[in-house]
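Below is one structure; the comments refer to it alone.
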Amino acid sequence: MFNFSSSNDAPKIIAIMGATGQQGGAAVRAFHALKESGNNTFRIRAITRNPASENAQAIAPMVDEIVKADANDVTSMAEAFRGCHGAFLVSNWWEDLDVAHEITILRNLKEAVKKAGVKHIVNSVFEDSRDFVANADDKDTWTIIPTPNGGPTNMYVPHIDGKGQVGKEFEEEGLPVTSFFTSFYYENFINLGMGPTRQSESDPYAITLPISDARMPMVAVDDMGKAICAIFQDESLIGKTVGIMSETLSGAEMAETFAKICGQPVMYNAVPWNVFASFGFPGCGELANMFRFKVDFNETYTKTRVVSDEFDEKMGGRIKFEDWVVANKGAFVLESPKKEDDVAEKTLSEAKEKSEKPVQYDDEDAPEVCCSQCNLM
């Protein structure tokens, strides 16, 4: 059982879901920094499905307690939230690409915080793209993304639409919630392989995005954590939406930043969204629609994520994209393009080397050899 204190002078307990993930982990680090600065207003309860995991043990020194709970089980979540003043909620559509499951999880969390009587909920959700596309002149050109397991049949960007749908339910039911809208992560350039790449050793590097010349709001993961921490320090934000971005940049400006820091030319390939949707990797159609949503409704999308000077100061400032690339330069090792003659010579050399080596097979991989009697059949 948990050890709960009822004293009004006791630190407020904040439960953080996804404490070993990107947003939750960033929130853990931000609250830890706050405590290290001498502010003891909060106690942090990290919620994870596996407290014994390596990732959970890694955050143990930064939190006050680690509690096991599963968002698929309302009872376990309500127990984990019991005695908490605040709770940070987050879900992960990318875990199984199943929006019906994500909607169920979010509704489970809604019931759990209600049962536990949580006084301030910070809910990481999004706008519902359907609310925007429905009024667009070109709505008939939008592709609906199929959803498995009986999910909604009218979603354009399931990984944000599901969050948007249930996020509105939190608000409509009058829960003490701050809806938290994030932006495109800087870290996607590493974790999703969206950083500079090239087709061959003689080609220049490039980043490929379907955003035309639009300026896209982006955010450093650590800035999300600082924003979550700042929201819990300001209860006037209950009932409001708080968006976060670190900086807005065009694709060309992103490429220029990579080139400046990494020391090699980097081009920006502005592909159409429907071309991006044809790339064939899991979720490419979903991501194409996401980028289109951010471009087509750029003004409103960006405005929702503007950070006031006061909130920025409360956060302790935000991370510029250039500074982030500098800090993560080791993830972007760009080599000089090679001359075509050098590439051709290397290719010929490798081909010659392979031709001089006998092909070795494992027994189970060896090709079948027919006996002479096969010709008689």
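Observations
- Taking label positions 7 Å along the Cα-Cβ direction at both residue 306 and residue 235, the computed distance is 2.9 nm, reported to one decimal.
- In degrees, nearest ten, helix 251-262 long axis to first principal axis of the chain (Cα): 80
- Note that the range 155-170 has calculated 3J(HN,Hα) couplings of 9, 9, 9, x, 6, 10, 5, x, 5, x, 4, 7, x, 5, 5, 4 Hz, one per residue in order, obtained from phi through the Karplus relation 6.51 cos²θ - 1.76 cosθ + 1.60 (θ = phi - 60°); glycine and proline are x.
- Lysines with Cα under 24 Å of residue 320, excluding same-chain neighbours fewer than 8 positions away: 226, 260, 294, 303, 329
- With helices as the sole contributors, the chain gives -11500 deg cm²/dmol at 222 nm; each DSSP H run of n ≥ 4 counts as -39500 (n - 2.57), and the sum is divided by every residue.
- For peptides 177-185, 326-334, sequence by mean Cβ density within 10 Å, most packed first: 177-185, 326-334
- Scoring 95-106, 154-165, 304-315 by mean Cβ neighbours within 10 Å over their residues and listing the highest first yields 154-165, 95-106, 304-315.
- Principal-axis tilt of helix 99-116 within the chain, Cα atoms, nearest 10 degrees: 20
- Spin-label model, residue 172/residue 37: points 7 Å from Cα along the beta carbon direction are separated by 3.8 nm.
- Accessible-area composition of the chain, carbon plus sulfur, in percent [1.4 Å probe]: 49
- Span from the the range 65-88 Cα centroid across to the the range 224-303 one, whole angstrom: 31
- Alpha-carbon centroid distance for the pair the range 91-105 / the range 113-190, whole angstrom: 11
- For residue 205, nonlocal amide neighbours, meaning residues 5 or more places apart or on other chains whose placed amide H falls under 5 Å from its own, are 267.
- Rounded to 5, the percent of DSSP beta bridges in the chain classed as antiparallel: 15
- Compactness index (Cα Rg / 2.2 N^0.38 Å), the range 179-258: 1.38
- Rounded if a/c under 1.5, otherwise prolate or oblate - the range 116-163, Cα gyration tensor axes: oblate
- Degrees separating the helix 221-232 axis from the principal Cα axis of the chain, which is the longest one: 10
- Hydrodynamic estimate: the Kirkwood radius of the chain over Cα pairs, inserted into Stokes-Einstein at 4 °C and 1.567 mPa s, corresponds to D of 55 µm²/s.
- Surface per residue (accessible, 1.4 Å probe) for the chain, Å²: 52
- Computed from the C-beta positions of residue 96 and residue 64, the FRET efficiency with R₀ = 25 Å rounds to 0.20.
- The H on the amide N of residue 243, modeled in the peptide plane, is under 5 Å from the matching H of 181, each at least 5 residues off or on a different chain.
- For the range 42-193, lysine pairs with C-alpha atoms less than 23 angstrom apart, excluding pairs fewer than eight positions apart on the same chain, total 15.
The values are calculated or read from the model by the stated rules, or taken from the named source; none is laboratory data. This one's a predicted model, so the numbers in the text were calculated from it and none came from an experiment. Neighbour counts run over all protein chains shown; Cβ positions are idealised from the backbone, glycine included. Protein only, heavy atoms only, side chains kept; ligands, DNA and RNA dropped before computing areas. Shrake-Rupley method; radii C 1.70, N 1.55, O 1.52, S 1.80 Å.
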